[in-house]
There are 2 protein chains.
Amino acid sequence: MFSDGGDGTGGARVGVRIGDSVLDLARALGDEVFGEPSLNAFMAQGPARWAEVRARITDLLTAEQHRGPAAATLRPLSAVRLHLPFTAGDYVDFFGNEYHAANAGRIFRPGGEPLTPNWKHLPIGYHGRSGTIVPSGTPVTRPCGQRRGTGGPTFGPSRLLDFEAEVGFVVGVGSSGPVPVRDFAEHVFGVFLLNDWSSRDLQAWESQPLGPFLAKSFATSVSPWVVPLQALEPARVSPPPRDPEPLPYLADAGPWGLDLTLEVRLNGQLVARPPFAATYWTAAQMLAHMTVNGASTRTGDLFASGTVSGPERDQRGCLLELSWGGAEPLTLPDGSVRSFLEDGDEVTISATAPASDGTRIGFGEVTGQIRPAAHP
Amino acid sequence: MFSDGGDGTGGARVGVRIGDSVLDLARALGDEVFGEPSLNAFMAQGPARWAEVRARITDLLTAEQHRGPAAATLRPLSAVRLHLPFTAGDYVDFFGNEYHAANAGRIFRPGGEPLTPNWKHLPIGYHGRSGTIVPSGTPVTRPCGQRRGTGGPTFGPSRLLDFEAEVGFVVGVGSSGPVPVRDFAEHVFGVFLLNDWSSRDLQAWESQPLGPFLAKSFATSVSPWVVPLQALEPARVSPPPRDPEPLPYLADAGPWGLDLTLEVRLNGQLVARPPFAATYWTAAQMLAHMTVNGASTRTGDLFASGTVSGPERDQRGCLLELSWGGAEPLTLPDGSVRSFLEDGDEVTISATAPASDGTRIGFGEVTGQIRPAAHP
């Protein structure tokens, strides 16, 4: 979603990123659904229409006779403003990566089992706040809140502010009952990048017994681009081996692992390359689980993978893991040292996936800079 | 919100309940904001406007010269269809009643401390699913899901289905930063009744470490009427004594306890009279807490109190407490016995509050009947 710049979202419309340019889809295809200020209306049209438009765009960009007119609608990326690509309905955040879940368990519950007994049986998730989802580039103010103290809780700016590199999925066609694993691609339009900013000190104090709340609800940043699931066929891989086999409603139906390589940069310096293919639960399983109780979904409902991590230290998708809860601070290439985020720090998550022609599809990036806490 | 009947929400518009009739506000006041299919546009206009409209309605119903025209717009309640009163944004469910929280702690963690260490320091809450909020009268299908089993989890219809009698609050004027306790009435438009249907077997298995998810997300029922906060001045009471004093940002600013008496009926038989005034955390504290990390709110954002219970057995607002987790089944006046809900059971929650003229304000009701599980 892009506009000609300036403040607000006035004139926002659908764009397709072509290298360092944006194709103005409403003009290029002469279809007013792409003049809408979010992808929702188009996403609701369903997979046959998604495929048709994809084919038309490919045609437009490759066929000799169309190059002229299509080229005329290209705008340099540097000249436009990027926006939230969808109007978000409900937002569910999963916890689907075994490396992350086990590391978090070891850090938060030392001496205990790294994974809770339910972890291998269902994709654990919780609802997040959709009203605080912001587009890439929006500054993130350090949240204030309660943290555990020796003589009772204390209040102030979070001391343990973190990012979480995640992959998000957006529902195009809603549902009114369970969505079987095999129907995943009938409902989910596409894939984007998400930073689930997290305050570890708020989280440690507030989360029992009902889960994270203020530790996550201050901001969630998403990339301005949604990569259609239909463009990711070459990226489909088998998920990690299942042990034990999950219940039948969660059985895999085709390889819905996705071979995305994420890159996390802190102040421009690469700190992690989390491999999304290592994520235990697939997005198809997440959607099947989320709806197996009969819960409906709507166009624009989002869900995210949870922090993406891999077996190696430099594959961990959050500072909690990278610094092992602060016990092993991270030294960046420029010599600076971090356990958690400092004011002014900028976090940028990008990703690529294999394309059918041997090149790689870019997901753009989601970036955000930490601003100092606003003292009440 | 009401319409002339039939399916769907076509023609839905704002109505004011007067006894067993509905006043068609768009016609009575000649103001198109009340012809909108939700209260959101009116709620966004703010407290001065809310007060003005309240005064005009009172005038219309009492002044001799207006009785004729106003009476002409009255429709019998039995002839109209009732709808969701708002377009819901984010939905937060709190856990703000000490009797409920302590009872749940004793049942779920026997032998441990009834309350977690954070409970008296902050209103614990979590985000619920706003896309499955349904209006009173919508049937509720028993959810399927995973529950703990001896040889691993099993899948099937929930066996421990419950209601939770709660009081909901809807944001009229959104906010972009912390909302102090004293500013509560500048932002919250009104109060409604909510049934947070809960599956206790799904909840017990899934909730660690990130809180309830599918146990709650299948359906949440709300009353079709919103009682303006401005009508509840006579119901304001001091909340229970605070021990310990909460942190300064949660300090009470005026008595924001509300003396609502709820009534819960199961198949028409009174099973509980939960006293809302016994709720430890006030709605003003809930909103202050929910936003203290900087999280914004929008018109239509909802939050609910959590199950309302009192010190007596017949004041408990859910079957988990009323049957003590099934250990002490409840015998109804007609001789039927319940630990949890059976298919066909109908739950109706109503409430009243003191009015300035010595009568009581009615909140209408939220009702729903359990339908058998849909087997996949």
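The values are calculated or read from the model by the stated rules, or taken from the named source; none is laboratory data. Only a predicted model underlies this, so the values are computations on that prediction, with no experimental measurement involved. Backbone-built Cβ (ideal geometry, glycine too); neighbour counts: all protein chains shown. Side chains are part of the model used for accessible areas, which takes the heavy atoms of the whole protein and leaves out ligands, DNA and RNA. Shrake-Rupley method; radii C 1.70, N 1.55, O 1.52, S 1.80 Å.
If you model the range B:166-238 as an ellipsoid using its alpha carbon gyration tensor, with each semi-axis the square root of five times an eigenvalue, the axes come out at 30, 16, 11 Å, biggest first. The GNM of chain A, with springs linking C-alpha atoms under 10 angstrom apart, assigns the highest mean-square fluctuation among A:PRO274, A:PRO76, A:PRO354 to A:PRO76. Inter-copy label distances for A:GLY362: 6.4 nm (label point placed 7 Å from Cα along Cα→Cβ; shortest first). For the protein assembly as shown, the dipole from Cβ point charges (+1 on Lys and Arg, -1 on Asp and Glu) about the Cα centre works out to 280 debye, to the nearest 20. The charge dipole of chain B, taken about the Cα centre with unit charges on the Cβ atoms of Lys, Arg (+1) and Asp, Glu (-1), comes to about 440 debye, rounded to the nearest 20. Since only A:VAL16, A:LEU341, A:THR73 are under comparison, the one whose Cα sits farthest along the positive direction of the charge dipole of chain A, derived from C-beta charges on Lys, Arg, Asp and Glu, is A:LEU341.
Each 10 Å bin from zero holds the following percent of Cα-Cα pairs in the range B:2-82: 18, 51, 28, 3. On the rotation that sends chain A to chain B, the chain A Cβ lying closest to the axis gives residue and distance in whole Å as A:GLY211, 1. Build a GNM of chain B with springs between Cα atoms under 10 Å apart, and of B:SER176, B:SER305, B:SER336 the one that fluctuates most is B:SER336. Gyration tensor over the Cα atoms of the range A:35-116: the corresponding equivalent ellipsoid has semi-axes (square roots of 5 times the eigenvalues, largest first) of 44, 16, 15 Å. Averaged over peptide A:293-302, the number of partner chain Cβ atoms lying within 10 Å of each residue's Cβ comes to 6. Computed over chain B, the per-residue total of -39500 (n - 2.57) for DSSP H runs of n ≥ 4 gives a 222 nm mean residue ellipticity of -4500 deg cm²/dmol, rounded to 500. Values of log10 I(q)/I(0) for the range A:250-376 across q = 0.19, 0.20, 0.23 Å⁻¹ run -1.14, -1.19, -1.34, by the Debye formula with one identical scatterer at each alpha carbon and no solvent. If exposed GluC sites (Glu not before Pro) are those in a DSSP loop with at most 16 other Cβ within 10 Å, what is the longest stretch of chain A that has none? No qualifying site falls inside A:1-311, the longest such stretch.
What is the sum of charges around A:MET1, taking Lys and Arg as +1, Asp and Glu as -1, for the other residues whose C-beta is under 14 Å from the C-beta of A:MET1?
Working: positive: A:ARG13, A:ARG17, A:ARG75, A:ARG81; negative: A:ASP4, A:ASP24, A:GLU36.
Cβ neighbours under 14 Å give a net charge of +1.
Ordering A:THR297, B:THR352 by accessible surface, largest first, gives B:THR352, A:THR297; the 1.4 Å probe counts only protein heavy atoms, with every chain in place.
To the nearest 20 debye, what is the magnitude of the charge dipole of the range B:2-82 about its Cα centre, counting +1 on the Cβ of each Lys and Arg and -1 on the Cβ of each Asp and Glu?
120 debye
Over all other residues within a Cβ to Cβ distance under 10 Å of B:GLU166, the charged ones net out to -3, with Lys and Arg as +1 and Asp and Glu as -1.
Annotation for B:PHE108, label-to-label distances across the other copies: 1.4 nm (shortest first, one decimal, point 7 Å from Cα along Cα→Cβ).
What would the Debye formula give as log10 I(q)/I(0) at q = 0.11, 0.12 Å⁻¹ for the alpha-carbon point model of the protein assembly as shown, no solvent? Values, matching the q order: -1.25, -1.47. For B:THR299, the accessible surface of its heavy atoms amounts to roughly 40 Å² (probe 1.4 Å, protein chains only, rounded to the nearest 10).
With semi-axes defined as the square roots of five times the eigenvalues of the C-alpha gyration tensor, the equivalent ellipsoid of the range B:91-371 measures 29, 22, 18 Å, largest first.
Placing unit charges on the Cβ atoms of the charged side chains and taking the dipole of the range A:101-160 about its Cα centre, the candidate lying farthest along the positive direction among A:GLY145, A:SER130, A:ASN118 is A:GLY145.
For chain B, a Gaussian network of Cα nodes joined below 10 Å ranks B:PRO139, B:PRO117, B:PRO157 by mean-square fluctuation, and the top entry is B:PRO117. Near B:SER336, once Lys and Arg are set to +1 and Asp and Glu to -1 for all other residues with Cβ below 12 Å from its Cβ, the sum equals -2.
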